[in-house]
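See structure below.
The values are calculated or read from the model by the stated rules, or taken from the named source; none is laboratory data. Computed from a predicted model, the values in this text were never measured in an experiment. Neighbour counts are summed over all protein chains in view; Cβ atoms, including those assigned to glycine, are modelled from backbone coordinates with ideal geometry. Remember, those area values only see protein heavy atoms, side chains included, never the ligands or the DNA or RNA. Shrake-Rupley method; radii C 1.70, N 1.55, O 1.52, S 1.80 Å.
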Amino acid sequence: VGQLYNFTDKGGRSVSMRPEMTPTVARMIAARERHYKKPIKWFSIPQLFRYERQQKGRLREHFQLNADILGEENLAADAELIALSRQLWRRLGVDDALQLEINSIGSAADRARYREALVGYLGEHRDSLDEDSQRRLETNPLRILDSKSPDTQAVLDSAPVLSDYLDAETQAEFAELLSQLDALGIPYVVNPRLVRGLDYYNKTVFEWTTEHLGAQSTVCGGGRYDTLVSTFGGKETPAAGFAVGLERLILL
């Protein structure tokens, strides 16, 4: 894992520093779910570390504000989290500087169908992709949609679109979520290329972005992670959450 900061200490022990909070939350619920009445709503401001080269507004040691709702299957929980984040922007006076981008990436089966189509298309244009995207074609092709390379973006203009591979139920759920955001008066842009970089997301993904911090424009990102708790041995637990990079928010 490129994000994981791992080293051997003076006692010869292997030490790994957590790069994010969501798996920690999922493990906690998996181990102690009988102690909590669902839905569970909580927040945390953890200290985190990332090994990878740091981007603007992101430090090796950094802090996040995380908010999560676990045990609620209805996508109204997603709307609640988005509304909560927007309330924070308003209180801090940065609401006008941030834009909500949102997408649905469906189920694992939806993404498998889409991945096959995307890889087939991009494979035909491999020589036109940037070096990083050529590598991702073998490892995580959906991340190519995030590429900042103009040449790769030109190839993607005619690529298959994920929304065409979502089943009818997922499309209806996403349409209902958007109608809830409309009712709350929260403006948004549906970004069909938004996938988020972590494999545990499903259905809703969203980012609050800004034009005031250069190319690395994401201040807050989140979505739904319905399968993560069961991955750690717990019961199937629908869940959604977001994380705010506090250093980037302070810069903004």
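Determine the gain in length on full extension of the stretch residue 8-residue 149; use 0.36 nm per residue of separation and subtract their C-alpha separation, reporting nm with one decimal.
Using 0.36 nm per residue and subtracting the Cα-Cα distance, I get 47.1 nm.
Using θ = phi - 60° and the Karplus relation 6.51 cos²θ - 1.76 cosθ + 1.60, list the HN-Hα couplings for region 170-178 in order, rounded to whole Hz, with x at every Gly or Pro.
Couplings: 5, 4, 5, 4, 5, 4, 5, 4, 5 Hz.
Rg/Rh for region 151-235 to two decimals, with Rh computed the Kirkwood way over all alpha-carbon pairs.
So for region 151-235, dividing Rg by the Kirkwood Rh gives 1.00.
With a 1.4 Å probe and every protein chain kept in, tell me what percent of the accessible surface of region 35-176 is carbon plus sulfur.
48 percent
Which whole-Hz ³J(HN,Hα) couplings does region 147-160 yield from phi under the Karplus relation 6.51 cos²θ - 1.76 cosθ + 1.60, θ = phi - 60°, glycine and proline marked x?
Going residue by residue, I get 4, 9, 6, x, 5, 5, 4, 5, 5, 5, 4, 10, 6, x Hz, with x marking Gly and Pro.
Using the heavy atoms of the protein chains and a 1.4 angstrom probe, tell me the accessible area per residue for the chain in square angstrom.
Result: 52 Å² per residue.
Points 7 angstrom from Cα along the Cβ direction at residue 175 and residue 134: gap in nanometres?
4.3 nm
Residue 119 label point, 7 Å along Cα→Cβ, cut-off 16 Å on backbone N: hits in region 145-160?
In region 145-160, the label zone of residue 119 (backbone N under 16 Å from the point 7 Å along Cα→Cβ) covers 145, 160.
Quick one: which residues, 5+ away or cross-chain, put their amide H under 5 Å from the amide H of residue 5? H built at 1.01 Å from N.
For residue 5, the qualifying residues are 17, 51.
If contacts are Cα pairs under 8 angstrom and at least 6 residues apart, what is the relative contact order of the chain in percent?
26 percent
Using each residue's phi in region 238-245, evaluate 6.51 cos²θ - 1.76 cosθ + 1.60 at θ = phi - 60° and report the 3J(HN,Hα) Karplus result to the nearest Hz, with x for Gly and Pro.
x, 7, 8, x, 9, 9, 10, x
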